[in-house]
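The values are calculated or read from the model by the stated rules, or taken from the named source; none is laboratory data. Everything numeric here is computed off the predicted structure, so don't read it as measured data. Because the Cβ atoms are built from the backbone with ideal geometry, glycine has one as well, and the counts that use them run over all protein chains shown.
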């Protein structure tokens with residue numbers, strides 16, 4: 001006879017036991033400074049990766065989480081900007097119709113040309129993909145008549161974008177974030193999504 005009254009009870013106990021085991025394994029990894037390979041499997045060039053110091057590899061693994069958050073955030077902001085302005089009277093050709101401040105247009109054109117001149121595969125045909133995080137905020141502010149219905153306040157957008165842009169620096173330039181800054185990133189993300197409530 002089973003110890004559990006229902007299959008649901010057995011599944012709950014299994015889930016709790018699994019969670020406890022995962023928590024203990026996480027503690028072992030932290031205490032011993034090892035990676036037991038329980039996370040996402042990342043394909044690495046095993047010829048060179050093992051030559052990096054263990055501490056650098058640990059930092060990279062931790063910072064990968066922060067990079068992933070920022071990658072998703074920046075891509076979603078680009079999509080929001082593009083779709084919002086494209087659905088306005090400016091239409092699909094909004095980039096060339098006065099919706100982008102001239103200084104941003106010029107900077108993007110220079111970046112696109114530099115990339116073309118370097119001979120690497122272009123990252124995109126869309127100029128919006130060549131804007132910096134700060135420039136995305138400026139495009140939103142410049143088109144506030146379109147974005148005012150999505151966000152609660154232009155000043156709040158400026159503040160949150162400035163905070164996120166500051167946090168983006170260490171992530172994009174391979175420096176570890178302090179524990180406080182990871183918390184600040186999480187709070188800034190909450191603030192960003194709260195702006196659209």
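Every residue, every condition in (1) in the same structural domain as residue 189 (by TED's automatic domain parsing); (2) within 23 Å of residue 173 (Cβ to Cβ); (3) modelled with pLDDT of 75 or more, yes or no:
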position: 7; (1), (2), (3): no, no, no
position: 19; (1), (2), (3): no, no, no
position: 27; (1), (2), (3): no, no, no
position: 31; (1), (2), (3): no, no, yes
position: 60; (1), (2), (3): yes, yes, yes
position: 67; (1), (2), (3): yes, yes, yes
position: 75; (1), (2), (3): yes, yes, yes
position: 93; (1), (2), (3): yes, no, yes
**Fill in**
Of (1) surrounded by fewer than 14 Cβ atoms within 10 Å (Cβ to Cβ); (2) over 14 Å from the mean Cα position of the chain (by Cα), residue 186 fails just (2)
**Message:** Within region 71-89, take every residue that is without any contact (Cβ under 8 Å) to a residue 40 or more places away in the chain and either outside any helix (DSSP H, G or I) or closer than 12 Å to residue 128 by Cβ (or both) and give me the one that is farthest from the chain's Cα centre (by Cα).
**Reply:** 89
**Message:** With the requirement that a residue be part of a loop (DSSP other than H, G, I, E, B), modelled with pLDDT under 95 and either under 18 Å from residue 95 (Cβ atoms) or not assigned by TED's automatic domain parsing to the domain that holds residue 188 (or both), what does region 132-153 give you?
**Reply:** 132
**Asked** Based on what the data block shows, is residue 156 closer than 25 Å to residue 65 by Cβ, assigned to a helix (DSSP H, G or I) and at pLDDT 90 or above?
**Response** no
